[in-house]
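Some notes on the structure that comes next.
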Amino acid sequence: MMSEIKDFLKDLISLPGLSGYESPVGERIQQEWQPLVDEISFSPLGSLHALKRGSGEEPRPSILLAAHMDAIGMMVTEIVDGWLRFTPIGGIDPRILPGQQVIVHGREDLPAVVVQPPAHLLPDEVSPRQSVDLKYLLVDTGLLPEQVRELVRVGDLISFAQPPLELSNDLLAGHSLDNRASIAALTVCLRALQPVHHVWDVWAVATVQEEITLGGGYTSPFSIRPDLAVAVDVTFAKGPGGPSDYRTFPLGKGLTIGWGANIHPAFYRALKETAERLDIPFHNEILPARSGTDAYAMQIIGEGISTAVLSIPLRYMHTPVEIISMKDVQRTGHLLAQFIASLPANFMEQMKWDE
C-alpha cells in the first residue's frame, strides 16, 4: 500500500493546480477517490467533496477531513522582448527562484526557466552578494519574441516543473507536497475505512485557495455543516539553519497534533488518546493563535465547528524541493481512520470546551 500511495502522491505533485486554478489536480483526486466513497462532487468554488456514509441511524453525525489541494506558483504580469515578468501566487521566497524549471501555461504548455541578469548588469543598488528582488527576475521560454506574443498572455499561470525525487528512508522530495501530502493521507484513511464499520458519515474534502483566501476552508464546511472538522496540513520539519525549538519537528518521527485557539480541547484529547492507544508516534504542536491552516476558517462557520489540526512535518516549505516522509503520511491516514472507527454516535455529548 505504501508504494501505491507514493505513486499517487508523485502523480499529484507532477500536476499543476495553483491557488484559484485547481482543476487539473482536482480531477486526478476525483479519479482516485471515486471508488472509495458513496458520493463525490465539486463545490461551486471548486473544492472536491467526497462522502462515505456511516452505518448509524439517521440523522447521523458527520466528520469533515479537509486537506487543501492548491499549490503556490506564479502569474505572468508583463511580456518584455520575449521574456516574462511575473508575480507570485501564494508565498514564494525569491531566493529560491533563479534557475528553477517551470511550465508556462499559455495557449500551450511551454517549458521554461527562471533567470536573473548577470550581477554586473543589475542596478548599482543591488548587491550581487544578496538575493535578487523578484522584480529583476524573468522567465525565459527560449522562444522568439513574436512566438511568445502568440502563445503567452498576461495572466497566464506559471507552475514549478521539478519531477518528484525519491530519497532514502522513504522520503519524497518535490514541489506542492504542501499540501498534496495530506491529500495522500486522506486517501490512506479512505482506503483503511473500506472494510471497517463506522457509525459516522465521513466527508473527505480537497479544498481550494488555502494559500491565498482560505476559500474552500470557509465554503465547504458551510455547505456540509459537519459536527467535527479536521484540517490536515503540513508543518515545519527540523532542518539545517532552522530553529530547533517548539516550532519544528523531526522528519519521519511522527505527525503532529495541534494545540491552540483553533483546536477544541476535547477533540485534541480524543485524537491524542487514539494515537497513544495505537502507538502511533506524534508530537504536540503549539499553535497559540491562527494555525495557518483551513482550521482557522472551518472553526468559525455557522455557530462554530469543533475543529482539530493534524500535520505532517515537511522540510523546505514553499520551495520546489519540499521533503516529507511517506511513513508520516501513512501514520496520519491510519490515525484518522482508527479515530473515525471508534467514534460513538453520542460523541458530541462528551465535547466540553472547558474540561
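The values are calculated or read from the model by the stated rules, or taken from the named source; none is laboratory data. Just so we're clear, the structure is a prediction, and the values are computed from it rather than from any experiment. Here the Cβ positions follow ideal geometry from the backbone for every residue, glycine too, while neighbour counts run over all protein chains shown. Protein only, heavy atoms only, side chains kept; ligands, DNA and RNA dropped before computing areas. Shrake-Rupley method; radii C 1.70, N 1.55, O 1.52, S 1.80 Å.
Test I286 against the stated conditions and say whether it is among the hydrophobic types (A, V, I, L, M, F, W, C) and more than 22 Å from V208 (Cα to Cα). So I286 passes the test. Out of all the residues in region 89-120, which are in contact with a helix residue (DSSP H, G or I) (Cβ under 6 Å, 6 or more places away or on another chain) and either modelled with pLDDT of 95 or more or hydroxyl-bearing (S, T, Y) (or both)? G106, R107 - these are the residues of region 89-120 that are in contact with a helix residue (DSSP H, G or I) (Cβ under 6 Å, 6 or more places away or on another chain) and either modelled with pLDDT of 95 or more or hydroxyl-bearing (S, T, Y) (or both).
Do we have any residue at all in region 264-272 that's part of a strand (DSSP E or B), touching a residue at least 40 places away in the same chain (Cβ under 8 Å) and of a type in the set (G, A, S)? Among the residues of region 264-272, not one is part of a strand (DSSP E or B), touching a residue at least 40 places away in the same chain (Cβ under 8 Å) and of a type in the set (G, A, S), which makes the answer no.
Counting only residues that are of a type in the set (A, V, I, L, M, F, W, C) and within 12 Å of V114 (Cα to Cα), which one in region 133-163 is modelled with the lowest pLDDT? Out of the qualifying residues, it is L134.
If you go through region 106-115 and pick out every residue that is outside any strand (DSSP E or B) and buried (at least 20 other Cβ atoms within 10 Å of the Cβ), you end up with 1. Checking the structure you have, find out if any residue of region 31-51 is surrounded by fewer than 16 Cβ atoms within 10 Å (Cβ to Cβ), modelled with pLDDT of 95 or more, part of a loop (DSSP other than H, G, I, E, B) and on the phi < 0 side of the Ramachandran plot. Checked against the condition, which is being surrounded by fewer than 16 Cβ atoms within 10 Å (Cβ to Cβ), modelled with pLDDT of 95 or more, part of a loop (DSSP other than H, G, I, E, B) and on the phi < 0 side of the Ramachandran plot, region 31-51 yields at least one hit. Within region 115-127, can one find any residue that is hydroxyl-bearing (S, T, Y) and in contact (Cβ under 8 Å) with a residue 24 or more places away in the chain? The answer is no; no qualifying residue exists. Here D201 passes the criteria (1) surrounded by 22 or more Cβ atoms within 10 Å (Cβ to Cβ); (2) among the charged types (D, E, K, R); (3) within 21 Å of D328 (Cα to Cα) except the one numbered (3).
Among the residues making up region 109-163, those that are of a type in the set (V, I, T) and in contact with a Ser or Thr (Cβ under 7 Å, 6 or more places away or on another chain) are V148, V154. Taking into account only those residues within region 302-347 that are of a type in the set (D, E) and out of contact with any His (no Cβ under 7 Å at 6 or more places or on another chain), which is nearest to A275 (Cα to Cα)? It comes out as D328. Could you check, for region 257-271, whether at least one of its residues is small (G, A, S), out of contact with any Leu (no Cβ under 8 Å at 6 or more places or on another chain) and open to solvent by 20 Å² or more (accessible area, probe 1.4 Å)? The answer is no; no qualifying residue exists. Note on region 36-90: residues that are within 20 Å of E211 (Cβ to Cβ) and among the aliphatic types (A, V, I, L, M) total 13. The set of residues in region 76-105 that are closer than 30 Å to L45 by Cβ and either open to solvent by less than 20 Å² (accessible area, probe 1.4 Å) or not assigned by TED's automatic domain parsing to the domain that holds P145 (or both) comprises V76, L84, F86, I89, L97, V102, V104. For region 203-219, a residue qualifies if it is among the polar types (S, T, N, Q) and under 12 Å from the mean Cα position of the chain (by Cα), and the qualifying residues are T207, Q209.
Listed by first and then second residue, the pairs linking a residue in region 144-159 that is open to solvent by 80 Å² or more (accessible area, probe 1.4 Å) to a residue that is polar (S, T, N, Q), with Cβ atoms under 8 Å apart and 6 or more places separating them unless they lie on different chains, are V154/T77. Looking only at residues in region 273-291 that are in contact (Cβ under 8 Å) with a residue 24 or more places away in the chain and not hydrophobic (A, V, I, L, M, F, W, C), the one that is most open to solvent (accessible area, probe 1.4 Å) is R290.
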